[in-house]
1. So for the stretch A:168-212, what are the equivalent ellipsoid semi-axes in whole Å, largest first, each being the square root of 5 times an eigenvalue of the Cα gyration tensor?
2. Counting pairwise Cα distances across the protein assembly as shown, what percent come out greater than 37 angstrom?
3. Per-residue Cβ counts within 10 Å, from other chains only, averaged over A:452-460: what number is that?
4. Taking the Cα atoms of chain B, what is the range of coordinates along each of the three principal axes, in descending order and whole Å?
5. Can you pull the percent of Cα pairs in the stretch A:342-463 with separation above 19 Å?
6. Given the -39500 (n - 2.57) contribution per DSSP H run of 4+ residues, what per-residue ellipticity at 222 nm results for chain B, rounded to the nearest 500 deg cm²/dmol?
7. If you average 1/r across every pair of different Cα atoms in the stretch B:54-136 and take the reciprocal, what Kirkwood value do you get, in Å?
8. With r as the distance between the Cβ atoms of A:Asp275 and A:Met324 and R0 = 22 Å, compute the FRET efficiency 1/(1 + (r/R0)^6) and round to 0.05.
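The values are calculated or read from the model by the stated rules, or taken from the named source; none is laboratory data. Treat the numbers as computed from the prediction; the structure is a model and nothing was measured. So basically every Cβ, Gly included, is an ideal-geometry build from the backbone, and we count neighbours across all protein chains shown. Surface areas here come from the heavy atoms of the whole protein model, side chains and all, with no ligands, DNA or RNA. Shrake-Rupley method; radii C 1.70, N 1.55, O 1.52, S 1.80 Å.
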Amino acid sequence: MLIKSFVSVGLLTILLLVGVSYADDFSPEKVETFFKKWSPTLCVLKFTQTALDPRTGEEQQQPGSALAVLVSADGLLMTNGYIQRENISSSNFRAVVVQDEKEIEYQATLLEKPRDVNLSFLRIKSDSPVNLPYLHFLENAAMKLGEEVAILGVMSENMDFHPSLSLARIAAVLEQPRTTYCIDIPLKLGAVTGPVMNKQGEVIGVTGFELSANEGGDLYTRSGHPMIFQSGLFMHYINNPPGERLEDDSGTEEAWLGVFTQPLKEEYAEYWGIDKPGGLIVSTLVPDSPAEAAGLQVGDIIRVFDGQPIVAVLDRDVLSFTKMVRAKEAGARLPVEILRDKEPLTIEVILGRRPRSTQEADEYTDETLGIVVRELTQDLRTLFNLGEDVQGVIVRRVISGSAAQIARMQPGIIIMSLGNTAVSSLEDYKEAIAAIEHEKPLDISVFARAGTATGFFRLKPRW
Amino acid sequence: MNMKCCMKMRSVLRNAGIAMGLSFLLFLSGCTTLTNNMQEQVLDAKRKIIPSLVHIRPVKEVFVQGKRQEVLALGSGFIISKDGYVVTNEHVAGESSQVICVLDDNTELEARVIGTDPDTDIAVLKLESDQALAFARFGSSASLESGDFVLAMGSPHGLSRSASLGIISLTDRYLGELGGITAPYNNWIQTDAAINKGNSGGPLVNLKGEVIGINTLAMLGAENVGFAIPADSAREIVDAIIAHGRVQRSSLGLSFQEMHAKTDDKTVKGVVIADVSPLSPAAESGVKAGDVLVSINDKKVNAYYEEELPAVRKQIADLPVNEKAVLQILRGNEPLSIEATTEEKMASKGTQVEFHEWGFTAMEMTPELARRAQLPQRQGILVSGCTPGGLAAVSGIVAGDILLEMDDEPISSLTQFDELYRKNLAAHKKYVMLFVKRGAVTRFALMNTDALGDAVIDKEILEYVD
């Protein structure tokens with residue numbers, strides 16, 4: 001990938017475009033100046049996308065790329081928030097910037113995603129301090145319907161991410177829930193998060209499709225109306241960047257109780273002879289969960305949680321409760337008022353940390369046997385209905401042509417021991433492999449569980 | 001291909017045949033003696049079997065979408081005694097409400113099912129007739145060799161009294177759990193004699209006119225890859241069914257893997273224990289997965305390759321039930337002697353019942369099903385199907401759910417649940433509360449017997465973990 005001679009090629013493109021129809025609004029001279037000024041702030045972000053099918057354990061990795069813009073001299077990057085969506089994790093970020101006509105690739109760290117706007121922030125990693133060109137935003141630009149804007153972007157990968165420029169008009173000015181502009185052209189992928197300029201060459205914002213506040217979005221445009229995220233929406237994140245995404249070993253920051261519940265519908269209340277419907281029936285207790293430790297039982301009905309009445313009568317009300325629990329602090333002591341056999345009872349629970357999910361789990365690429373293994377997380381235990389006696393690591397991928405593939409290992413099997421060493425965590429696995437690499441045995445007996453059956457695989461690594 | 005099309009083809013072939021006949025004769029004349037001899041043998045063998053061949057039309061009980069239905073099936077079989085015992089496949093005659101047999105002379109007789117054995121896919125029927133019936137004799141399958149000529153006889157696609165010729169492709173094919181079919185206690189005879197749907201239960205015959213196998217499987221999508229249960233295995237099962245109506249087997253709760261999975265050293269004799277069922281006799285006496293079983297009651301066991309596994313399983317199955325067995329085991333390099341008491345192996349196929357008023361069918365839990373569901377012991381019944389719009393379906397029950405409790409009463413068996421169900425119907429109770437397990441999650445499901453018809457299902461996801 002090369003970003004070649006930004007200026008000369010860019011100029012050609014613009015002259016062409018401008019010559020055709022927009023001479024009145026954006027003169028070629030103007031466009032050239034703006035382009036020179038702002039295009040060095042563009043940056044191509046390359047990363048690895050990993051989508052996971054939790055059922056099969058199959059994992060698909062593919063390279064991804066996106067346009068990002070530099071928003072501070074010390075290397076703060078802003079890009080579209082889709083790189084941080086659910087079920088897909090992106091990693092191994094590299095930012096390619098052009099400095100003094102030279103292409104430089106930096107490693108970049110993903111920061112915590114803002115909750116209220118669908119943008120992601122990254123920080124360039126560098127041993128020495130950097131001083132990079134960055135976008136200056138005009139705050140609160142009042143654009144009018146039909147007014148023309150210029151959008152900077154890059155072309156697709158097969159055109160070496162050449163910089164490009166599009167001209168568009170304000171197609172709609174939305175007033176609710178806040179002033180937002182829609183533009184009248186479809187947005188090419190390379191122009192998403194592209195800086196948007198007015199005729200004075202001031203950057204009024206970046207392009208995007210709105211989905212925000214936990215991906216619900218208050219302006220729902222999944223159907224694809226391109227918008228302008230005005231600087232007012234994100235300036236506070238630039239001035240006060242979010243923290244680095246926390247890599248925590250023991251779990252997430254979110255609180256966890258460890259129950260599955262059902263709403264106490266009217267019929268259920270009638271059946272159990274309870275005066276008023278509303279509440280949550282504990283239908284399953286997760287083993288070793290805070291709920292179990294607190295002595296909650298299957299069949300208990302939660303009526304008040306930390307002082308807040310629970311009046312769930314619809315299946316979807318369960319979701320609100322989930323959110324309510326998540327919003328609490330892990331480690332908090334809370335009173336929970338329940339009905340047990342129609343008798344009211346108050347139980348104190350100490351909330352735990354929500355266990356890490358498959359997406360957050362650590363993984364390890366074992367080149368010796370030719371497999372990628374991952375720790376066994378609580379959600380997989382629930383999904384596969386694994387008893388507590390099953391300890392190990394799960395095979396996510398079998399490398400083609402490896403010793404593991406020859407031994408007919410499959411993704412989804414759970415490795416419980418390597419040779420004579422029991423494996424109950426990723427650390428155990430790494431240690432066992434290190435010992436094997438040291439001893440170089442001719443074959444390794446792997447004890448594993450596939451579905452409900454256990455058995456042995458015999459692997460012969462090529463030393 | 002429909003029948004009309006077949007007829008047309010036949011006349012075309014006949015016309016072509018006249019022209020081609022000459023050249024064939026010329027070609028074959030060089031090896032006349034061998035061909036004639038072979039032709040005679042095939043005819044002799046066929047003539048010996050044909051009178052005992054049975055075309056079977058069972059009315060089978062099937063459970064579809066929460067309803068019990070009866071469907072007519074097709075199969076083959078053969079008479080093995082003059083008083084009318086008939087051998088066929090379990091998948092032909094099992095779970096049937098009526099079995100009609102058509103003999104070689106087109107006599108139609110209704111047969112009684114004496115017993116079935118799903119583990120070997122064998123069933124024995126009994127015909128009642130005033131006259132002595134022609135019957136076929138079993139030969140020995142142990143002396144077979146691949147390359148031997150064989151005839152497959154039966155009713156492919158319902159076309160009775162058909163015969164096809166081929167050779168034995170392999171005498172001891174191990175199929176493992178291929179395509180969900182398990183034959184834990186025997187290997188298979190593989191043949192290229194055409195075996196089609198409807199051949200099931202028919203005899204595989206050698207040129208002496210002896211039954212050396214029971215045609216049972218054909219590989220889908222493949223041509224001329226058929227499998228028969230060897231006569232030696234079949235005869236033992238048939239005898240047991242005639243004597244006791246069923247086959248009793250012992251179990252220790254062990255799963256095996258061939259020694260090759262552990263070592264290249266062929267001098268190490270034994271079999272690898274791949275899995276020990278929880279709560280089984282072997283688990284309780286301390287046998288562990290990874291141990292190598294060397295002998296049982298001083299009889300050596302050995303399976304270096306997987307095709308030797310059925311014999312090991314059979315060795316355990318043949319132990320007397322509820323008696324102590326001494327297992328010699330290698331744990332690492334340490335020899336151990338472990339004593340375990342055998343228990344009777346539970347039926348691998350659970351019976352099914354329809355609960356019409358509640359709109360679902362359920363199946364008895366087998367130990368294997370209980371194990372898959374991670375239940376600490378055998379409890380509950382398994383929902384096998386729900387009628388769309390029926391009470392169970394409307395109350396959120398789906399196929400695969402395990403009913404654990406009904407109105408606070410633990411469910412232990414299909415019979416006990418059936419009793420509770422009948423009591424409930426008689427009492428005209430408005431509500432029935434079921435406690436249900438689905439995967440790792442349990443939930444309550446309230447059935448409102450009044451509300452059926454105007455119930456609205458809240459289609460949103462039913463549970464979330466907190």
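1. Details: eigenvalues 53, 42, 23 Å².
So the equivalent ellipsoid measures 16, 14, 11 Å along its semi-axes.
2. Working: 277835 of 431056 pairs.
Percentage above 37 Å: 64.
3. Numbers: counts 8, 7, 8, 9, 9, 3, 6, 0, 1.
Mean partner-chain Cβ count within 10 Å for A:452-460: 6.
4. Each principal axis gives a Cα extent; for chain B these are 84, 65, 47 Å.
5. Numbers: 3568 of 7381 pairs.
Of the Cα pairs, 48 percent sit more than 19 Å apart.
6. Working: 9 runs with 99 residues, N = 466.
It lands at -6500 deg cm²/dmol.
7. Details: mean 1/r = 0.0777 Å⁻¹.
Taking the inverse mean of 1/r over all distinct Cα pairs, the stretch B:54-136 comes out at 12.9 Å.
8. Working: r = 24 Å, r/R0 = 1.07.
That gives a FRET efficiency of 0.40.
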